[in-house]
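Chemist: My questions will all concern the structure given below.
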Amino acid sequence: MKTVIGPFTEIISLKGLPQKGALQDEQLQIDYNAAIVVEDDKIIEIGPFNGMLREHPEAKIESIEGPHVLLPGFVDCHTHICWAGNRAQDYAMRIAGKSYLDIAKAGGGIWDSVTQTRKASEAILAAYTKARAKRHLLEGITTIEVKSGYALSEEDELKMLRAIKKANDESKADLVSTCLSAHIKPKDFEGDEEAYLNMILEKILPVAKAEGLTNRVDIFIEDSAFSTEKSKPYLEKAKAMGFDITVHADQFTTGGSKVAVEVGALGAEHLEATSDEEIELLANSDTVAVALPGASVGLGEPFTPARKLLDKGAAVAIASDWNPGSAPMGDLLTQAAILSTFQKLSTAEVFAGLTFRAAKALNLEDRGTLENGKLADFQAYATDDFRNILYQQGKMKPAMVWKKGERVK
Ligand code: NIG
Ligand code: FE
């Protein structure tokens, strides 16, 4: 079934832009008064509205009334939206001055979410994940990465991964799951860091693979989580098993992004503490630097040095890190808009970071731009000028959203 959708005042396809480095708005190719032609779940053509009507006389027409700007669906390449419980108490302590790490040491933080998530059933976790994914989809996010890592035992991590799979099966958005069993070493594990990582390699990953639960592995490299020394062989072994790698790197201390580059990770994510040395390493690699402004806002910590990373030539994606602790807001567009004012990013850099550069961090080549053959994932904003989107600082949400050619909002 073929459909011509339009006319759109502007279609910002983001096609033809480089995967890495700084971008200027002048590089954006804009199709004015244009239509997008969709067949099944794919884009087959973009061009002038009247021309598309003439070329595809047999197609159904979905007419768009009033001014609208069309963008690719956003890709949120880093979230933790599978969780149970609530950490409002931590948050209240943090805004009153206690640090994230002190709260964690006192038994709050990630461990608190682990306790709550272990108690929840697979069905409940799937329902929570689905509800959060739906909220994201209505805000234009058509692909959402989701990590495990709030259960930290063989049985309960697999429960989380199965819940994410179930949520994906029942959601319109695509949920891409990642095994983050190496989030922190659980307090009740008998054995050292290496023994825990070996447990993941021997017990969790083979089952995850056999059941098709995930093909991605993440680790939190940090003084309070896993060391660079133990992380590297862990990631190398996971990679040898066929998993794509990504790393929670340089959030409070450095070291993680170097490991990420050395093991050929798809993403080095957080990077709030990253210095010039790591920026150089990332810029000279294919690892995508993922900025998580929601965690900076949630913790009152510095932003990822996105400007410097881009100027040195790195690929920078922007993700929400939506989670119950460090990043409870979960509003990707607002966070990207905030990052852009503090880091001085062009609109083109923000849009690239929310779309094709984020898709690269997930190893997905079939989405992130609007061009022939790509998935028909897109969103329309009720405005006649793309610059109004960031100008509204996240308050303007898409009026319409399509996932795989189907209108979902
Ligand atoms: O990406 N930094 C580690 N993990 C998560 C936060 C988890 C939490 O606080 O619950 C993050 O910020
Ligand atoms: Fe995270």
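The values are calculated or read from the model by the stated rules, or taken from the named source; none is laboratory data. Owing to the predicted nature of the structure, the values given are computational and were not obtained by experimental measurement. Because the Cβ atoms are built from the backbone with ideal geometry, glycine has one as well, and the counts that use them run over all protein chains shown.
Chemist: From the residues in the range 157-195 that are of a type in the set (Gly, Ala, Ser) and assigned to a helix (DSSP H, G or I), which one is farthest from LYS404 (Cα to Cα)? Spell out the reasoning first.
Modeler: Going through the range 157-195, the residues of a type in the set (Gly, Ala, Ser) turn out to be 163, 167, 171, 173, 177, 181-182, 191, 195.
Checking the rest, the ones that are also assigned to a helix (DSSP H, G or I) come to 163, 167, 195.
Values: ALA163: 23, ALA167: 17, ALA195: 43 Å.
The qualifying residue farthest from LYS404 (Cα to Cα) is ALA195.
Chemist: So which helices (runs of 4 or more DSSP H) are wholly in the range 203-307 and hold at least 3 residues that are more than 15 Å from ligand 2 (Cβ to nearest atom), at pLDDT below 95 and not assigned by TED's automatic domain parsing to the domain that holds SER320?
Modeler: Counting at least 3 such residues, we get no helices (runs of 4 or more DSSP H) at all.
Chemist: Right, here's the next one. Could you pull out every one of the helices (runs of 4 or more DSSP H) wholly within the range 48-151 that has 2 or more residues that are surrounded by fewer than 20 Cβ atoms within 10 Å (Cβ to Cβ), at pLDDT 95 or above and in the same structural domain as THR383 (by TED's automatic domain parsing)? Give the steps one after another, and end with the answer.
Modeler: On the way: elements: 49-55, 88-95, 100-105, 110-119, 122-138.
Ranges flagged: 49-55.
Chemist: Here is a further query. Considering only residues that are surrounded by fewer than 22 Cβ atoms within 10 Å (Cβ to Cβ), assigned to a helix (DSSP H, G or I) and not aromatic (Phe, Trp, Tyr), which ones fall in the range 341-358?
Modeler: THR341, GLN343, THR347, ALA348
Chemist: Name the pairs: first residue in the range 95-120 and of a type in the set (Ser, Thr, Tyr), second residue near ligand 1 (Cβ under 9 Å from one of its atoms), Cβ to Cβ under 6 Å, at least 6 apart or on different chains?
Modeler: Sorted first by the residue in the range 95-120, then by its partner, the pairs are TYR100/LEU299; SER113/TRP83; SER113/TYR150; SER113/PRO324; THR117/TRP83; THR117/TYR150.
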